[in-house]
Amino acid sequence: MKPLVLVVDDNDRYANNLKTYLQENGCEVLRAIDASQGWDLYLANKQKLKAVITDITMETQTSGLWMIRKIYQDGFPGIKVIATTGFDVSGVMAVSKYFLPWFAGVEYMVPKVPLKKGEVILLPTSGVSSDFLSKLKS
């Protein structure tokens, strides 16, 4: 059975690059265009989901950061991932790799500058020892 991953991003380019990467690596993907829709898809599929990847901020009023925190507080045992252009700013990644696990259980971060070019990089936060795909398929 293919791992099911929820991708939440209002930008089609980023979401499609993530979706392609995940599908090429044997995953089934659900896509939400904002955090509100992402939350609804999470609730409807949380027993089957292996991971949630969300943009940290979107154009709607509900941010991905608060959605992923809500998912964390709900006890979701799967992998939680945040994607943002902010990780490409000097110093942000260093602070985020400690803050995000504590705040929302985030295990991986996706910088968006490479993602925009179609390159998916999943950087582990503090305390994560295995790579994303290995963990996803275990």
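The values are calculated or read from the model by the stated rules, or taken from the named source; none is laboratory data. The structure displayed is predicted, hence computed values, not measured ones. Cβ placement follows ideal geometry from the backbone for every residue including glycine, while neighbour counts extend to all protein chains displayed. Quick note on the areas: whole protein, heavy atoms, side chains included, nothing else; ligands and nucleic acids left out. Shrake-Rupley method; radii C 1.70, N 1.55, O 1.52, S 1.80 Å.
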Note to self: So if I take the centroid of the Cα atoms in segment 1-76 and the same for segment 106-121, what is the distance between those two points in Å?
What the structure shows: 14 Å
Next item on the list: Determine the shape class of segment 1-79: with a ≥ b ≥ c the square roots of the Cα gyration tensor eigenvalues, call it rounded for a/c under 1.5, and otherwise prolate if a/b is greater than b/c, oblate otherwise.
Entry: oblate
Margin query: With the crude spin-label approximation of a point 7 Å out along Cα→Cβ, what separation in nm comes out for residue 131 versus residue 73?
Written below: 3.5 nm
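Charges at C-beta only: +1 for Lys and Arg, -1 for Asp and Glu. How large is the resulting dipole of the chain about its Cα centre, in Debye rounded to 20? Working shown, then result.
Details: 16 positive and 14 negative charges, 72 e Å.
Computed about the Cα centre, the dipole is about 340 debye.
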Check: Of 80, 70, 117, which has the largest mean-square fluctuation in a 10 Å C-alpha GNM of the chain?
Finding: 117
Notebook entry, point to check: Which shape class applies to the chain: rounded if a/c is under 1.5, otherwise prolate when a/b exceeds b/c and oblate if not, where a ≥ b ≥ c are the square roots of the Cα gyration tensor eigenvalues?
Noted result: rounded
Next item on the list: Express the carbon and sulfur contribution to the solvent-accessible surface of the chain as a percent, rounded to the nearest whole number, probe 1.4 angstrom.
Entry: 51 percent
Notebook entry, point to check: What FRET efficiency, computed as 1/(1 + (r/R0)^6) with R0 = 25 Å and r the Cβ-Cβ distance, is obtained for residue 102 and residue 13, rounded to the nearest 0.05?
Noted result: 0.25
Check: Want the number for residue 121 to residue 85: 0.36 nm per residue separation, take away the alpha-carbon distance, what's left?
Finding: 11.7 nm
Margin query: Along the Cα→Cβ direction, 7 angstrom out, place labels at residue 113 and residue 93. What is the inter-label distance in nm?
Written below: 0.9 nm
Next item on the list: Pull out a ≥ b ≥ c, the square roots of the eigenvalues of the alpha-carbon gyration tensor of segment 90-138, then state rounded if a/c is under 1.5, prolate if not and a/b is larger than b/c, and oblate in the remaining case.
Entry: oblate
Next item on the list: Can you pull the one-decimal nm distance between simple spin-label points at residue 40 and residue 24, each 7 Å off the Cα toward Cβ?
Entry: 3.1 nm
Checklist line | Accessible area expressed per residue, the chain, with surrounding protein chains retained (probe 1.4 Å, Å²) | finding: 51 Å²
